[in-house]
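Student: Got a structure for you, questions after.
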Amino acid sequence: MNTETRLKTSVCILGSGPAGVVLGNILLHNGIDCIIADRYDRQEIYARGRAGALESTTIELLKKHDLADMIIKNGHIHDRCEFRYPDYSIVFEYKKLSGGDVHYIYPQSDLNDDLIQKYLNAKGKLLFHHEGTKIGQTSDGIVVDLYDKVNHKSVTVDADLLVGCDGYHGIARQSIPEDAVSVYNKPYNYQWLAILAYAPPSANHIIYALHPDGFAGHMLRNEKITRYYLQIPLGDRVEDWSDERIWENLQRRLAKKDWILIEGKIFEKRVMSLRSYVMEPLRYGRLLMAGDAAHIITPMGGKGLNLAVQDAGVLAETLIDYYRGGHSLSYLDRYSEIRLPYIWRAQEFSYSMLNMVHVPEGNDLEDIRFRHKLSQSKLAQLTTSATFAKNFARNYVGIIGQGFSPYGIRLRRLVQYE
């Protein structure tokens, strides 16, 4: 039997990933009522966490709102990365060039679960197993229809505003008319095999291997699990890559004299088709977008998780101003104005780094050889050009330019109020 429940709140948030729960926590702390709805349950949300490198700017945001305690307690500081060629390597100590800024290595699944627990401890309302089915806007509010997949009933949420943090395939993005926003979509001619293995890290830093057979990555997760990436031919499937083939390729591409790659049991492997996506603006009426619902970026450079959290930080400040400054929708435009330049800056850096470490697809050997030499030339500047090295370090660790706070919002308030 299908019965209906009706709820009312100030801000409805679709999606309980990092962007959604950071936003929910900050809003609750500032006295703004909100409801978060997610089509998955908590265990499913925990299982889908991926990235684990948190920029200093992200840590500062989380610290400001008392959301970083477990990261500081259990995370590991990461202050260097390595670029490997078959015959030499460059260890890039970006902390020294960025004014002391570092990454914290902390699994996204743990971060997200920490944030969910804080939200629940603060008496926040989180509806697991509630899938969005319809969104309707009026002049003074927004109506979100949900379906409770456990109790098999309809739930309607009446809100002032809706924030879409439900990913690229979520209903929030799908509800926006095509002619209401500009969409920038870029598929890349690269494909990765992403691997998780029960193996301790073989180095205490991230490694990017530039090999004639393709890119390989050694990423950090925790003391017992390591993530690896392999560039694979376009069209390859998971079934084409046995564990034996994976380790053989990782051993060959990551090889370095007097260094050992520690192997272990592979428990996850999936094919990733790389692409970028950005929508402009980040608002349609009373619907605002954050995280993967608003933009997709390649894993190169570790920007996706950080952009999502920083979106939430700026959006929270924007919504606080909206509620304290008179409920004018014009305040909401500032969110796009502030965030989009940083989103595009991250996209440019990821794009540049992606092309720097990959072997081009195809059979044009002259093109492959030429681009390989360009990559070598660019990476060499990390050791020969102080200006290039400093700029790379600042972009890699996510430093924002002078005149802005750590997560992109201007130091002055957007509006003044008593």
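Read-outs: derived from the displayed coordinates by stated rules, not from any lab. The shown structure was predicted, so the numbers you read here are calculated from the model rather than taken from an experiment. Neighbour counts are summed over all protein chains in view; Cβ atoms, including those assigned to glycine, are modelled from backbone coordinates with ideal geometry.
Student: Hey, what angle do you get for helix 304-324 against the long axis of the chain, alpha-carbon based, 0 to 90 degrees rounded to 10?
Tutor: Relative to the chain, helix 304-324 is tipped by roughly 20 degrees.
Student: For the range 134-278, what are the per-bin percents of Cα-Cα distances with bins 5 Å wide, up to the bin holding the maximum?
Tutor: Pairs per bin, as whole percents: 2, 8, 14, 15, 11, 9, 9, 10, 9, 7, 4, 2, 0, 0.
Student: For the chain, take the longest principal axis of its alpha carbons; what is the angle in degrees between that and the long axis of helix 108-121, to the nearest 10 within 0 to 90?
Tutor: That helix lies at roughly 20 degrees to the long axis.
Student: Please sort 163-173, 92-102 by packing, taking for each peptide the average over its residues of neighbouring beta carbons within 10 angstrom, highest first. Intermediate results must be reported in sequence, preceding the final value.
Tutor: Working: 163-173: 23.0, 92-102: 17.3.
The most tightly packed comes first, giving 163-173, 92-102.
Student: With a 10 Å radius around each residue's Cβ, average the other Cβ atoms per peptide and rank 39-46, 132-139, 272-279, highest first. Write down the numbers at each step before the final one.
Tutor: Values: 39-46: 16.0, 132-139: 14.1, 272-279: 17.5.
Peptide ranking by packing, descending: 272-279, 39-46, 132-139.
Student: Mind checking the angle between helix 365-384 and the chain's longest principal axis? C-alpha axes, 0 to 90 degrees, to the nearest 10.
Tutor: 80 degrees
Student: Shifting gears a bit: Ordered by residue, what ³J(HN,Hα) values in Hz, to whole numbers, does the range 127-144 give under the Karplus form 6.51 cos²θ - 1.76 cosθ + 1.60, where θ = phi - 60° and Gly and Pro are x?
Tutor: Once rounded to whole Hz, the list reads 9, 6, 6, 10, 9, x, 10, 7, 10, x, 10, 10, 5, 10, x, 9, 10, 10.
Student: If I take the Cα coordinates of the range 201-313 and project them onto the principal axes, what are the three extents in Å, biggest first?
Tutor: Cα spread of the range 201-313 along its principal axes, largest to smallest: 57, 32, 26 Å.
Student: Would you mind counting up the charge near R345? Only other residues with Cβ under 15 Å from its Cβ, with Lys and Arg at +1 and Asp and Glu at -1.
Tutor: Working: positive: K303, R339, R394; negative: E55, E280, D311, E337, E348.
Surrounding charge for R345 is -2.
Student: Further question: Over the chain, what number does the Rg to Rh ratio reach, with both radii from the alpha-carbon atoms and Rh per Kirkwood? Don't skip to the end; give the middle numbers.
Tutor: Details: Rg = 22.1 Å, Rh = 22.5 Å.
Computed over Cα atoms, the ratio is 0.98.
Student: Output the Kirkwood hydrodynamic radius of the range 22-70, Cα pairs only, in Å rounded to one decimal. Write out the running numbers ahead of the final one.
Tutor: Working: mean 1/r = 0.0780 Å⁻¹.
Taking every pair of different Cα atoms in the range 22-70, averaging 1/r and inverting gives 12.8 Å.
Student: Need one number for the range 316-392: average projected area of the convex hull over its C-alpha atoms, nm².
Tutor: Values: hull surface 31.6 nm².
In nm², the orientation-averaged hull projection of the range 316-392 is 7.9.
Student: Right, here's the next one. Can you tell me how much longer the chain between N189 and Q381 gets when fully stretched, taken as 0.36 nm per residue apart minus their C-alpha distance, in nm with one decimal? Intermediate values should be presented prior to the final figure.
Tutor: Details: separation 192, 0.36 × 192 = 69.12 nm, distance 2.56 nm.
Going from the current span to full extension adds 66.6 nm.
Student: Counting only C-alpha contacts under 8 Å and six or more residues apart, can you give the relative contact order of the chain as a whole percent? Numbers along the way, then the final one.
Tutor: Details: 829 pairs, mean separation 82.8, N = 418.
Contact order relative to length: 20 percent.
Student: Let me ask something else. What is the set of long-range amide H partners of L7 at a cut-off below 5 Å, with H atoms built 1.01 Å from backbone N?
Tutor: T156, V157, D158
Student: Just to confirm my numbers, what's the Cα centroid distance between the range 1-59 and the range 65-140 in Å?
Tutor: 14 Å
Student: Then there is this: Figure the gain on full extension for I262 and F370 (residue separation times 0.36 nm, minus the Cα-Cα span) and round it to one decimal in nm.
Tutor: Values: separation 108, 0.36 × 108 = 38.88 nm, distance 3.33 nm.
Separation in residues times 0.36 nm, less the Cα-Cα distance, equals 35.6 nm.
Student: Among L234, L14, L146, which one moves the most in a GNM of the chain with springs linking Cα atoms closer than 10 Å?
Tutor: L234
Student: Given the peptides 369-376, 309-316, 356-363, arrange them by the average over their residues of other C-beta atoms within 10 Å, most packed first.
Tutor: Working: 369-376: 13.2, 309-316: 29.0, 356-363: 15.5.
Descending mean neighbour count gives 309-316, 356-363, 369-376.
Student: Sticking with this structure for a sec: Add -39500 (n - 2.57) for each DSSP H run of 4 or more in the chain, then divide by its residues: what number comes out at 222 nm, to the nearest 500 deg cm²/dmol?
Tutor: Values: 12 runs with 144 residues, N = 418.
Result for the chain, helices only: -10500 deg cm²/dmol.
Student: Next up: Just want to confirm a number: the relative contact order over the range 238-310, from Cα pairs under 8 angstrom separated by 6+ residues, in percent.
Tutor: Details: 42 pairs, mean separation 16.1, N = 73.
Contact order relative to length: 22 percent.
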